[in-house]
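Read-outs: derived from the displayed coordinates by stated rules, not from any lab. In this text the structure is predicted, and so the values were computed from the model without any measurement. Note that we place each Cβ from the backbone using ideal geometry, even for glycine, and neighbour counts take in every protein chain shown.
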Amino acid sequence: MQLESYQIADHNNSLQESHQRKLAYWTEEVANAETIIGKLIDFQIAIPSWALGTGGTRFGRFAGGGEPRSLEEKLGDIGLLHALNQSSGAISLHIPWDIPTDPEAIKQLAAQYGIRFDAMNSNTFQDQPGQPLSYKFGSLQHVDPAVRQQAVEHNIEVIRHGLALGSDALTVWLADGSCFPGQLNFRKAFERTLDSLQAIYKALPDDWKMLVEYKAYEPNFYSTTIGDWGSSFLYATKLGPKAYTLVDLGHHLPNANIEQIVAILLNEKKLGGFHFNDSKYGDDDLTAGSVKPYQLFLIFNELVDGLDARGLNHATSLGWMIDASHNVKDPLEDLLQSVEAIQLAYAQALLVDRVALEEAREANDVVRAQEILQEAFRTDVRPLVAEARLRAGGAIQPLALYRQLNVRQKLIGERGTKTIATGL
Ligand code: RM4
Ligand code: MN
Ligand code: MN
C-alpha cells in the first residue's frame, strides 16, 4: 500500500487552521522557533526491521494481521511511516532475520521510499536451522574456539550484507553470560570476548563504526559478559577508534541514571548510538516516552548539551534507532508514537536556556536549575513538531491519518490475517 500525496494534503488542509493558531505563539514569541523546526526536519530515527510484526513474550504471541512477509514489505511499512511523519527515513536490519537476497533491488526500493540503511545487527543469541555449532553457552565468549570462530564469521558476513546496502555500522549485542554462580570464569569470558571482537573489528571497513551494546541481564540471569556501560566502554576503548558504546534505554538495572551515562560517554567520544524504547521494569521494549517521558527529555538534554559542546551535528553524529516490541498494539501505530515522543523530547531539549542553566549551576542555585529544565519539559512543543512534519511533506497528525485511511485493514487485505514477520 502506498500513500498518495493528495491524501496527506487533504488531511493537512483540514487541520491547517487550528494548527496555525497553535503555531502562532511559537512564531511570534519564541526567538529560536525556526532553528528548532530546521533541526527537527533533519532529525531521522531508524526503524528496526525486527519490530514491524507483533512481538511476544515467553507466554505467547498474539498476532495482529497484515504483518510484512518479506524485507520488501518491511520497507513498504517503513515507507508508510516515513510518508506520514517524514522522520523515519532509515531502517536497521537484523541478520539473518532480514537477509537481502538481491541487495541492489533492495537498495533501489529503499531509495524510492527515501530510506537509508542504519546499523546492521548480528544475531548470535539464537541458533539458526542447519547451524553447525550451538550458542547455548555463548558465542564470542564460548569455551570452544570453533564456536567463537563461527560467531566471528557471522558478524563478518553481516558487515558484507551492510556494505552491499550502503550501511556503515555494525551493532553487536551479545546474550553471552551465565545463568548460575560458578558457571563462568569471568576473566576468561572477558578475554575471549575481547579476542573475538578484535577479530570482527579487523574486518570492519575504515569508515564504519562498531557499536557495542550492553544489557544488564536476560536471557542470562546471573551474569552478562557485556552487562553495563562500563564493560562496553572498556571493550570499545580496547578495540580502537571505530568502536563505540550503544545505549539501549531498557538495558539498565532499575533506577540507573541514564542521562549521566550518556553525558560521560559523549564527553569521552565513545557514545555511538541509541536504541530508544521505554520500560517500567526491565527490557520491556515499550513505546519511547510512554512510561518515563521526563527521563527521555533529560537524556536529550545531555545529548544536545554534549553534542553542542563538541560542535557535532545532532542528526548525523550518532545512530538514532528505535528498538521496541509491540505485544498489544499495532506495530506501525506504536512506531509512530515512539518517533513522535523522541521528537518531542528533542524539541524540548532544544528549548532549554543553557546560558541561564550554567549560571544557576555556577551559583549553586538548585531551584533555578531545576526550574529551567522543567520549564522546557512542561512546554507543549507539539505544534513545532507538527510544523516540521508539515514543511517536510508529512502529515500534521500522522496517527490520526493512519487510522482515518484504515491502513492496517488495507495491509490485512493485501497480506492476509495470518502473516508472521521475522523478528522478536
Ligand atoms: C536485545 C537487544 C538487541 C536486539 C535484540 C533483538 O535485547 O536489545 O539490540 O537486537 O534484543
Ligand atoms: Mn537493543
Ligand atoms: Mn533489548
Original post:
Within segment 312-319, is there a residue that is surrounded by fewer than 21 Cβ atoms within 10 Å (Cβ to Cβ) and of a type in the set (A, V, I, L, M)?
Top reply: yes
Subject >> Members of segment 271-286 found to be buried (at least 22 other Cβ atoms within 10 Å of the Cβ) and of a type outside the set (A, V, I, L, M), listed by number >> reply: G272, G273, F274, H275, F276, N277, D285
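So if I check each of G289, G250, which one is more than 14 Å from ligand 1 (Cβ to nearest atom), part of a loop (DSSP other than H, G, I, E, B) and buried (at least 22 other Cβ atoms within 10 Å of the Cβ)?
G289
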Subject >> Candidate set: segment 393-424, residues that are under 23 Å from A324 (Cβ atoms) and small (G, A, S); chosen: the one nearest to ligand 2 (Cβ to nearest atom) >> reply: G423
Original post:
What is the one condition in (1) within 26 Å of W50 (Cα to Cα); (2) touching a residue at least 24 places away in the same chain (Cβ under 8 Å) that A392 does not satisfy?
Top reply: (1)
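When you go through K270, K280 one by one, which is the residue that is more than 12 Å from ligand 2 (Cβ to nearest atom) and over 18 Å from G319 (Cβ atoms)? First the steps, then the outcome.
Values: K270 fails: over 18 Å from G319 (Cβ atoms).
Only one candidate passes the filter, namely K280.
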**OP:** Name, by its number, the condition in (1) over 29 Å from R403 (Cα atoms); (2) within 16 Å of ligand 1 (Cβ to nearest atom); (3) free of Cβ contacts under 8 Å to residues at least 40 places away in the same chain; (4) not hydrophobic (A, V, I, L, M, F, W, C) that does not hold for S279.
**Re:** (1)
Original post:
Among the candidates S167, S134, which residue alone is part of a loop (DSSP other than H, G, I, E, B) and over 25 Å from the mean Cα position of the chain (by Cα)?
Top reply: S134
